[in-house]
């Protein structure tokens, strides 16, 4: 197998033209969730966490768009990752993100996962910063 074949195998059901749309979908989901949260009266920290949850959901749904087996596997993985006693919001959202990222890479869509992770990591850094910073 040549290098181009290896890269093509890691695109999953995506084409190179789909990748910018994937990144924009994650960004739009985060921005819209933040705006809705703020309009609904959520505190800034809560609205940022909603933005992160929306970004994780957008990446997960985008990755399953062409794969029924992955959609079933993602549901099974989500059911296996239970909320533990004393687990905070930060830990739950990071666990959900790890499930989506690991599942996407496991299906052979590592390149779309990386492309979706770039805006998602920026949203996560913004959403999970310490509330003591006062921003």
Pull out a ≥ b ≥ c, the square roots of the eigenvalues of the alpha-carbon gyration tensor of the stretch 46-85, then state rounded if a/c is under 1.5, prolate if not and a/b is larger than b/c, and oblate in the remaining case.
oblate
When the Kirkwood hydrodynamic radius is evaluated over all pairs of different C-alpha atoms of the chain, what value in angstrom, to one decimal, is obtained?
15.6
Sites residue 98 and residue 71 - FRET efficiency at Förster radius 30 Å, r taken between beta-carbons, to 0.05:
0.95
No solvent, one uniform scatterer per C-alpha: report log10 I(q)/I(0) for the stretch 14-58 via the Debye equation at q = 0.19, 0.23, 0.27, 0.28 1/Å, two decimals.
-0.53, -0.68, -0.82, -0.86
To the nearest 10 degrees, how steeply does helix 89-106 sit against the main Cα axis of the chain, on a 0 to 90 scale?
10
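Grab the beta carbon distance between residue 129 and residue 4, set R0 = 35 Å, and tell me the FRET efficiency rounded to 0.05.
On the way: r = 40 Å, r/R0 = 1.14.
That pair, residue 129 with residue 4, gives E of 0.30.
No value in this document is a laboratory result; all are computed from the given coordinates. All values derive from a computational prediction rather than experimental measurement. Positions of Cβ are backbone-derived with ideal geometry, glycine not excepted, and every protein chain shown enters the neighbour counts.
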